[in-house]
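One structure below.
The values are calculated or read from the model by the stated rules, or taken from the named source; none is laboratory data. What you see is a predicted model; the values in this text were computed from it and never measured. We place every Cβ from the backbone using ideal geometry, glycine too, and count neighbours over all the protein chains shown. Accessible surface is based on the protein model in full, side chains and every heavy atom, while ligands, DNA and RNA are left aside. Shrake-Rupley method; radii C 1.70, N 1.55, O 1.52, S 1.80 Å.
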Amino acid sequence: MTKSAALRRPLPTSPFKARVEAPRKYFAVGDRVTHDRYGLGTAIGVEDDIAVLVDFGSRQERITQPYTAMFKL
């Protein structure tokens, strides 16, 4: 007899909760952003959801995925 592979659903009281994937961040040219390291800036280029070129005033930086330290204003 063979067992079928069934998906186990996590119980609400389980200490081993299923990981929730964070929603992806999307940026467009002209978006005002803030970065934890570089401060306030403006998106001046987007590379197919791979990276964003941001002008922070005194410098330009290419920020790659995942954008954990960058937030849209």
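Entry remark, segment 3-35: residues being under 30 Å from residue 45 (Cα atoms), in a loop (DSSP other than H, G, I, E, B) and of a type in the set (D, E, K, R) number 4 in total. Scanning segment 60-73 for residues that are in a strand (DSSP E or B) and either open to solvent by 30 Å² or more (accessible area, probe 1.4 Å) or free of Cβ contacts under 8 Å to residues at least 40 places away in the same chain (or both) returns 60, 61, 62, 63, 64, 71, 72.
Scanning segment 36-59 for residues that are assigned to a loop (DSSP other than H, G, I, E, B) and touching a residue at least 24 places away in the same chain (Cβ under 8 Å), we see that the one that is least open to solvent (accessible area, probe 1.4 Å) is 49.
The number of residues in segment 18-35 being farther than 11 Å from residue 61 by Cβ and surrounded by 10 or more Cβ atoms within 10 Å (Cβ to Cβ) comes to 7.
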